[in-house]
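The values are calculated or read from the model by the stated rules, or taken from the named source; none is laboratory data. Just so it is clear, the structure is predicted and the values come from calculations on it, not from any experiment. In this analysis, Cβ positions are derived from the backbone assuming ideal geometry, glycine residues included, and neighbour counts consider all displayed protein chains.
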Amino acid sequence: MLTVPTFSTSRTEIAGQPVADLAAKFGTPLYVYDREVIDKRIADLSDFDTIRYAQKASSNLAILDRIRKRGVVVDAVSAGEIRRAIAAGYSTDGGSHDIVYTADIFDRESLDLVIEHGLHVNCGSPDMISQLGERRPGSDVTLRINPGFGHGHSQKTNTGGQQSKHGIWHTQINDCLLRADQTGVTITGLHMHIGSGTDLEHLSEVCSAMEKAALEVGRTLTTISAGGGLPVPYKHDETYVDLAKYFELWDGVRNRLSEAFGHRLNLEIEPGRYLSAESGYLIAEVRSVKKVGENLFTLVDAGFNDLARPVMYGAHHPISVTAASGDAAAREEVDMVIGGPLCESGDIFTQREGGFVDSRKLPIVRVGDFIVIENAGAYGFVMSSNYNSKTRAAEVLIEDGEAKLIRARETFDDLIRGEVIPQ
Ligand code: LLP
């Protein structure tokens, strides 16, 4: 099992590139990704027949291109993600399943794209079966089943149970078989995803739910998907899932079902966070250090428009300090609250769920130093916004010892594109 990294409170470089140099060259706030980390995480999952990356976690075209070259396929939750995958070179040829549309609804644009490119669909609602059947009779589909339970790192990322809008409720499989039959659709895949950032105990429950559901569908099945949800440690006391054990559980399910159906089933996994979280860093420059009552606030030039996870889920990210010159490791450590430039009190990177401001012990900082928010590669840039008319950050990929710009910083023109003042 992978050992939890030691999160240091100071750092001078990212993948061999000095943080201060990256900031000087590309500006701040800046997202930086280390390609080697993504490659390692892909290799960790190589026992599974298919790794289907949940591109929602980090979908820059360069990342998708590199992942594709490692043999990883993708899911797409929207028309935009379908177009992204195609732009990154994923094939739609000959009924290829390289891109699977996985959602709970078809909006009109995504249904048109699915038909245009002949994409396989993972249906999260019974209506999708009929809507696809009407447009493309004879389709093979996957069903995303809500097994009646779920678990995530936050209630907002729990995607199972009756509070969740996701998936086809587990007691409705038979109705779906009838509906599929009526519309000339064949169910060839089953998928379950109970939440993001969960643990082995909950993930294991999915195995037995899958086995039961698959036996109900029967021998038309050719693929089962374990979904995503694999956690990464954001704190010292958090762990990885024991992947060998996890694979063994799923392999057991696959083998029993393969025997029951008389053909070997394909076993998929659909990680987002696991592949990308630890590859990413958000660099921000310290712009003010001030005392507010008892609290020491360090204010930086990145806000929740750049990284929404702390304000949205109370998510904890490891944070380290880079001195503008010298090494922050030599400095005294003090408790500080780290916040951004936005006009809301929630614009704090050190907070707990429920919006409670928290402090972090870090090397004392001065204006012009940098803070590096770590494990920011999943659900970081992709959830960023233009709130407060902030332009979105640039993205850089480090590979082969070189830092390459993969997304230019937005400009004011990008910000107002499409806006019209009627005469
Ligand atoms: N498959 C499906 C159908 C999903 O909905 C998701 C995530 C995944 C796979 C990938 O899950 P992962 O392996 O990344 O846990 N914004 C939240 C996470 C939301 C995840 C939504 N669905 C966060 O920042 O924690």
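Could you tell me whether any residue of the range 194-215 is at pLDDT 95 or above, under 25 Å from Met1 (Cβ atoms) and within 14 Å of the ligand (Cβ to nearest atom)?
yes
Could you tell me which of the residues Ala88, Ala103 is without any contact (Cβ under 8 Å) to a residue 40 or more places away in the chain and within 16 Å of the ligand (Cβ to nearest atom)?
The match here is Ala103.
Cβ-Cβ distance below 9 Å, separation of 6 or more or different chains: which pairs start in the range 345-361 with a residue that is over 17 Å from Val321 (Cα atoms) and end on one that is at pLDDT 90 or above and among the acidic types (Asp, Glu)?
Gln351/Asp358; Arg352/Asp358
Regarding Val321, is this residue part of a strand (DSSP E or B), within 23 Å of Leu397 (Cα to Cα), away from the ligand (no atom under 16 Å from the Cβ) and of a type in the set (A, V, I, L, M)?
So Val321 passes the test.
For the range 171-190, give me the residue count where each residue is more than 16 Å from the ligand (Cβ to nearest atom) and either among the basic types (Lys, Arg) or under 25 Å from Gly272 (Cβ atoms) (or both).
Going through the range 171-190 one residue at a time, the tally reaches 3.
Starting from the range 236-257, take each residue that is closer than 16 Å to Glu201 by Cβ and list its partners that are assigned to a helix (DSSP H, G or I) and at pLDDT 95 or above, counting only C-beta distances under 8 angstrom and pairs at least six apart or across chains.
What qualifies is Leu243/Asp44; Leu249/Cys207; Trp250/Cys207.
How many residues does the range 392-416 contain that are surrounded by fewer than 16 Cβ atoms within 10 Å (Cβ to Cβ) and either under 21 Å from Thr12 (Cβ atoms) or not charged (D, E, K, R) (or both)?
Total satisfying the criteria: 10.
Return the residues of the range 92-109 that are under 22 Å from the mean Cα position of the chain (by Cα) and closer than 24 Å to Asn266 by Cβ; say none if nothing qualifies.
His97, Asp98, Ile99, Val100, Tyr101, Thr102, Ala103, Asp104
Can you confirm whether Glu201 is part of a helix (DSSP H, G or I) and without any contact (Cβ under 8 Å) to a residue 12 or more places away in the chain?
yes
Within the bounds of the range 141-159, is there any residue that is on the phi < 0 side of the Ramachandran plot, outside any helix (DSSP H, G or I) and surrounded by fewer than 18 Cβ atoms within 10 Å (Cβ to Cβ)?
Yes, the range 141-159 has at least one match.
Any chance the range 41-50 includes a residue that's within 14 Å of the ligand (Cβ to nearest atom), touching a His at 6+ places or on another chain (Cβ under 9 Å) and polar (S, T, N, Q)?
yes
Examine the range 144-162 for a residue that is among the β-branched types (Val, Ile, Thr), within 16 Å of the ligand (Cβ to nearest atom) and within 30 Å of His316 (Cβ to Cβ), and state whether such a residue exists.
Looking through the range 144-162, at least one residue is among the β-branched types (Val, Ile, Thr), within 16 Å of the ligand (Cβ to nearest atom) and within 30 Å of His316 (Cβ to Cβ).
Determine whether Leu296 is among the aliphatic types (A, V, I, L, M) and outside the structural domain of Ala376 (by TED's automatic domain parsing).
Spelling it out, it is not the case that Leu296 is among the aliphatic types (A, V, I, L, M) and outside the structural domain of Ala376 (by TED's automatic domain parsing).
For the range 5-123, please list each of the strands (runs of 3 or more DSSP E) lying entirely inside it that holds at least 2 residues being farther than 30 Å from Ile224 by Cβ.
Passing ranges, in order: 30-34.
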